[in-house]
Amino acid sequence: MPVVALIGAQWGDEGKGHLVDLLAARARLVIRYGGGNNAGHTVVNHLGTFKLHLVPSGIFDPGIVNVIGPGVVINPEVLIKEIDDLEARGVSTAKLFISDRAHVIMPYHIQLDQLQEEARGEGRIGTTGRGIGPAFADKMSRSGIRMGDLLHEETLLNRLRLVLEEKNRLLTRLYNARPLSLHDTYLTYLEYGRRLANHITDVHPIIHRALEKDLPVLLEGAQGALLDIDHGTYPFVTSSPPGAAGACQGSGIGPTRINSVIGVVKAYTTRVGEGPFPTEVDGAVADTLRQIGTPWAEVGTTTGRLRRVGWFDAVMTRYAAQVNGIDTLAITKLDVLDGLETIKICTGYKLNDAILEYPPTTTALFEQIEPVYEELPGWSEPTRHIRRFADLPDAAQAYIARICQLVGARLGIVSVGPSRDHTIMVADVF
């Protein structure tokens with residue numbers, strides 16, 4: 001049975017949670033491998049509508065083991081609330097396991113994240129202010145606190161004492177903020193450890209027993225490949241590798257074990273926050289793409305911010321596919337394009353007299369490029385009720401085929417709405 005990585009191939013918010021919820025029925029193990037509670041997955045199923053930030057989207061099937069991997073940074077307060085909310089709505093979290101190697105978001109991470117963003121002024125990068133970047137920075141500087149530390153009183157106290165002394169100097173001397181109490185912080189996080197003790201464990205044996213038994217494994221991404229710290233639109237990126245390489249690193253599964261990489265894309269493009277967006281539109285077209293006035297309006301699940309919207313960018317998506325080895329596309333929200341007379345796809349970038357087939361590496365060059373568009377006819381028929389690819393309007397089929405051709409990946413799934421049953425399975429992706 002395969003190991004499948006499902007990643008966002010744009011700037012996030014592509015509908016990954018919806019598809020993980022669907023595909024989890026074919027898996028035995030779902031692993032969330034990166035990011036933190038700066039990601040949000042909206043899942044609509046027979047139990048209702050759920051907004052998940054840390055818990056893997058396979059949690060709704062009681063037969064599936066769900067793992068939060070070592071590549072995730074965890075705010076325990078947020079995770080406990082998420083678990084409590086799920087349990088209150090009848091969703092069992094008995095098979096949720098949290099890597100003891102995963103790093104903890106501390107109060108000083110959140111404070112510093114917000115203070116640093118405020119200090120950037122007009123140069124802000126659009127951080128969610130949830131402490132993700134500073135937590136990953138401490139992880140890399142080897143001064144982080146891990147989930148396993150919350151289970152050991154002496155270890156937690158010793159590590160926290162050393163780190164908090166330095167962080168309080170930063171808070172008070174650089175930002176003129178109030179220092180954090182060692183006593184209060186220690187007791188709070190010790191209690192978090194107590195609350196989560198039944199879930200925190202070494203997840204390596206769990207994962208590799210599944211691989212040894214040849215069980216199907218689904219790796220659940222957060223954010224999008226174009227926010228990758230190395231390959232994204234730096235500095236307007238996240239602090240971790242959200243792509244296929246991050247799936248291996250953040251789960252502890254070797255790259256040769258991955259059988260397929262599914263890239264999730266919207267039928268158009270969105271972005272939350274700052275950063276380059278070559279195909280961004282405004283006006284009436286933007287209102288249509290944002291679905292203003294509907295329950296599915298383009299608003300960030302985590303931030304609540306109105307998403308920026310634009311035409312499908314095949315240049316950026318092809319780049320994401322090449323960097324991540326995407327072999328299969330899952331195209332979501334096709335129904336949003338219903339009724340448009342014409343639809344545009346960006347096929348290249350014009351820079352002076354040259355046509356670029358790859359995205360620039362600097363923000364300065366992004367400001368100089370112009371998208372080169374190909375126009376395709378739209379379709380007037382609604383698509384939300386359709387469940388077979390062959391029943392889609394001819395123009396919709398042609399549009400999807402052109403996207404796959406430009407990106408260089410086969411079509412696996414088309415989504416025409418927010419629910420499980422709004423999905424057209426075109427190919428066997430598991």
(request) Check THR288 against each of (1) polar (S, T, N, Q); (2) in a helix (DSSP H, G or I); (3) open to solvent by less than 40 Å² (accessible area, probe 1.4 Å); (4) modelled with pLDDT under 95 and name the one condition it does not meet. (result) (3)
(message) Being in contact with an Asp or Glu (Cβ under 8 Å, 6 or more places away or on another chain), in contact (Cβ under 8 Å) with a residue 12 or more places away in the chain and surrounded by fewer than 22 Cβ atoms within 10 Å (Cβ to Cβ) narrows it down to one residue among GLY126, GLY90; which is it?
(response) GLY126
(message) Given the criterion of a type in the set (A, V, I, L, M, F, W, C), assigned to a helix (DSSP H, G or I) and in contact with a Leu (Cβ under 8 Å, 6 or more places away or on another chain), identify the matching residue among LEU112, LEU162.
(response) LEU112
(message) Being among the aliphatic types (A, V, I, L, M), at negative phi and assigned to a loop (DSSP other than H, G, I, E, B) is the requirement here; does ALA427 meet it?
(response) yes
(request) Only residues that are open to solvent by 10 Å² or more (accessible area, probe 1.4 Å), part of a loop (DSSP other than H, G, I, E, B), in contact with a Gly (Cβ under 9 Å, 6 or more places away or on another chain) and in contact (Cβ under 8 Å) with a residue 60 or more places away in the chain: list them for the range 40-70, please. (result) GLY40, HIS53, PRO70
(request) Hey, can you tell me all the residues within the range 266-285 that are surrounded by fewer than 18 Cβ atoms within 10 Å (Cβ to Cβ) and at pLDDT 95 or above? (result) GLU280
(request) Could you tell me which residue of the range 181-192 is most open to solvent (accessible area, probe 1.4 Å), considering only residues that are in contact with a Leu (Cβ under 8 Å, 6 or more places away or on another chain) and farther than 16 Å from LYS81 by Cβ? (result) LEU182
(message) Within the range 199-232, take every residue that is out of contact with any strand residue (DSSP E or B) (no Cβ under 9 Å at 6 or more places or on another chain) and assigned to a loop (DSSP other than H, G, I, E, B) and give me the one that is surrounded by the most Cβ atoms within 10 Å (Cβ to Cβ).
(response) GLY232
(message) If GLU154 satisfies all but one of (1) surrounded by 15 or more Cβ atoms within 10 Å (Cβ to Cβ); (2) in a helix (DSSP H, G or I); (3) without any contact (Cβ under 8 Å) to a residue 40 or more places away in the chain, what's the number of the condition it fails?
(response) (1)
(message) Condition (residue is farther than 19 Å from ASP113 by Cβ, in contact (Cβ under 8 Å) with a residue 40 or more places away in the chain and among the hydroxyl-bearing types (Ser, Thr, Tyr)) applied to the range 228-236: is it met by at least one residue?
(response) yes
(request) Find all pairs meeting these conditions: Cβ atoms under 9 angstrom apart; at least six residues apart or on different chains; first residue within the range 196-212 and over 11 Å from GLY252 (Cα atoms); second residue open to solvent by 50 Å² or more (accessible area, probe 1.4 Å) and assigned to a helix (DSSP H, G or I). (result) LEU196/LEU151; ALA197/LEU151; ILE200/LEU151; LEU211/ARG257
(message) Return the pair list, or none, for Cβ contacts closer than 7 Å from residues in the range 397-418 that are in a loop (DSSP other than H, G, I, E, B) to residues that are surrounded by fewer than 17 Cβ atoms within 10 Å (Cβ to Cβ), at least 6 apart or on different chains.
(response) ALA409/ASP327; VAL416/ARG384; GLY417/ARG384; PRO418/TRP296
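Given the criterion within 29 Å of the chain's Cα centre (by Cα) and modelled with pLDDT of 95 or more, identify the matching residue among GLY121, GLY193, GLY131. Don't jump to the end; show me each part of the working.
Working: GLY121 fails: modelled with pLDDT of 95 or more; GLY131 fails: modelled with pLDDT of 95 or more.
It is GLY193.
Matching residues to (1) of a type in the set (A, V, I, L, M, F, W, C); (2) under 27 Å from PHE277 (Cα atoms); (3) in contact with a helix residue (DSSP H, G or I) (Cβ under 8 Å, 6 or more places away or on another chain):
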residue: VAL104; (1), (2), (3): yes, no, yes
residue: THR127; (1), (2), (3): no, yes, yes
residue: GLY131; (1), (2), (3): no, yes, yes
residue: ASP138; (1), (2), (3): no, no, yes
(request) Test ASP84 against the stated conditions and say whether it is open to solvent by 10 Å² or more (accessible area, probe 1.4 Å), without any contact (Cβ under 8 Å) to a residue 24 or more places away in the chain and closer than 21 Å to THR188 by Cβ. (result) yes
(message) I'd like the full set of residues that are open to solvent by 10 Å² or more (accessible area, probe 1.4 Å) and in contact (Cβ under 8 Å) with a residue 40 or more places away in the chain, limited to the range 12-33.
(response) ASP13, GLY15, HIS18, LEU22, ARG26, ARG28
(message) Take ILE386 and tell me if it is modelled with pLDDT of 95 or more and part of a strand (DSSP E or B).
(response) no
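The values are calculated or read from the model by the stated rules, or taken from the named source; none is laboratory data. The model shown is predicted, which means the values in this text are computed figures rather than measured ones. Reconstructed Cβ throughout: ideal geometry from the backbone, glycine too, with neighbour counts over all protein chains shown. Please note that ligands, DNA and RNA were not included when accessible areas were found on the heavy atoms of the full protein model with its side chains. Shrake-Rupley method; radii C 1.70, N 1.55, O 1.52, S 1.80 Å.
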